[in-house]
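K.L.:
Take this structure, written in structure tokens, and hold onto it; I'll ask about it next.
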Amino acid sequence: TAAPDLAGRRVVISAGGTREAIDPVRFLGNHSSGKQGYALARTAAARGADVTLVAANVSLPDPAGARVVRVGSAVELAEAMEAERAGADAVVMSAAVADFRPVASAASKIKKSGAAPAPIELVENPDILAGLVASRDSERLEQTIVGFAAETDDVIANGRAKLARKGCDLLVVNQVGGGRAFGTEDNQAVVLGADGTAVDVPTGPKEDLADRIWDLVRRRLD
Ligand code: C5P
């Protein structure tokens, strides 16, 4: 059993993938299973943290010891994260957030008309992670904020650039492509720190990566 080294800490984790409504029955979505976020919630709870898990469209059993808040779209996820982050020591954005959503969701199911289909007009979603960093800094909150990134090549260089752009403290960079990460039981990553550190986590169970992430978060909080 893990040492309760996160006792007295409150953490908020997002998991899963957002769904952006096209009409009452259809959406734009992604393949995120939520497994890495759920592993983060399980491991944090096992280490004694007070855990809130904001789950976007995840079909996994609730992790033991975590409070689960369910959301659907990116805008709902943004609202839930802004509300839940109050008083949290750490916020981890492991959810896959849609970059765009349809401008409007049709009130009734879109039907074939025989004519050419209407294009779906998109608008950009808020960058939730960047928004959490901006409000933390303007409100001078002491909060460690962790982001995730998936990169196919130049993993370190692209990860460093993204870390700087988002302004978070830690960025967990997965190398994707070739069937890696989505929906699988194992994960591998390099965890980049805003202080210039890089920690390699070799391929292993998502719990192992989660525990390494909490080790790095704890070191920042201590
Ligand atoms: O920019 P990119 O999507 O690669 O960044 C990934 C990170 O940013 C993840 O931590 C994801 O949860 C977060 N993100 C977000 N809001 C968005 C897009 C991504 O918080 N609209």
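The values are calculated or read from the model by the stated rules, or taken from the named source; none is laboratory data. Since this is a predicted model, take the numbers as computed values, not measurements. A quick note on method: Cβ atoms are made from the backbone with ideal geometry, for glycine too, and the neighbour counts reach across all protein chains shown. Each accessible area value is taken on the protein alone, full model and side chains, heavy atoms only, with ligands, DNA and RNA left out. Shrake-Rupley method; radii C 1.70, N 1.55, O 1.52, S 1.80 Å.
K.L.:
Specify the residue that is nearest to residue 17 (Cα to Cα); the eligible residues are those in segment 97-122 that are among the basic types (Lys, Arg) and surrounded by 10 or more Cβ atoms within 10 Å (Cβ to Cβ).
P.N.:
Across segment 97-122, the extreme among qualifying residues is 101.
K.L.:
Taking segment 142-162 on its own, how many of its residues are modelled with pLDDT under 95 and either within 12 Å of the ligand (Cβ to nearest atom) or not in a helix (DSSP H, G or I) (or both)?
P.N.:
Adding up the residues that qualify gives 5.
K.L.:
Looking at segment 124-132, can you tell me whether even one residue there is open to solvent by 60 Å² or more (accessible area, probe 1.4 Å) and in a strand (DSSP E or B)?
P.N.:
Within segment 124-132, one or more residues are open to solvent by 60 Å² or more (accessible area, probe 1.4 Å) and in a strand (DSSP E or B).
K.L.:
For segment 1-53, give me each residue that is under 24 Å from residue 125 (Cβ atoms) and of a type in the set (Ser, Thr, Tyr).
P.N.:
14, 18, 32, 33, 38, 52
K.L.:
Inspect all residues belonging to segment 178-186 and state whether any of them is within 16 Å of the chain's Cα centre (by Cα) and either open to solvent by 70 Å² or more (accessible area, probe 1.4 Å) or over 17 Å from residue 40 (Cα atoms) (or both). Steps first, please.
P.N.:
We begin by selecting, within segment 178-186, every residue within 16 Å of the chain's Cα centre (by Cα); these are 181-183.
Filter once more, so that each one left must be either open to solvent by 70 Å² or more (accessible area, probe 1.4 Å) or over 17 Å from residue 40 (Cα atoms) (or both): 182.
The answer is yes; a qualifying residue exists.
K.L.:
Taking the conditions exactly as written (away from the ligand (no atom under 16 Å from the Cβ), touching a residue at least 40 places away in the same chain (Cβ under 8 Å) and either open to solvent by 10 Å² or more (accessible area, probe 1.4 Å) or touching a strand residue (DSSP E or B) at 6+ places or on another chain (Cβ under 6 Å) (or both)), does residue 75 satisfy them or not?
P.N.:
When the stated conditions are applied, residue 75 does not pass them.
K.L.:
Here is a list of conditions, (1) touching a Leu at 6+ places or on another chain (Cβ under 8 Å); (2) under 22 Å from residue 206 (Cβ atoms), and residue 3 meets all of them except one; can you say which number that is?
P.N.:
(1)
K.L.:
Look at residue 83 and say whether it is modelled with pLDDT of 95 or more, open to solvent by 20 Å² or more (accessible area, probe 1.4 Å) and closer than 27 Å to residue 44 by Cα.
P.N.:
Judged against the criteria, residue 83 is a match.
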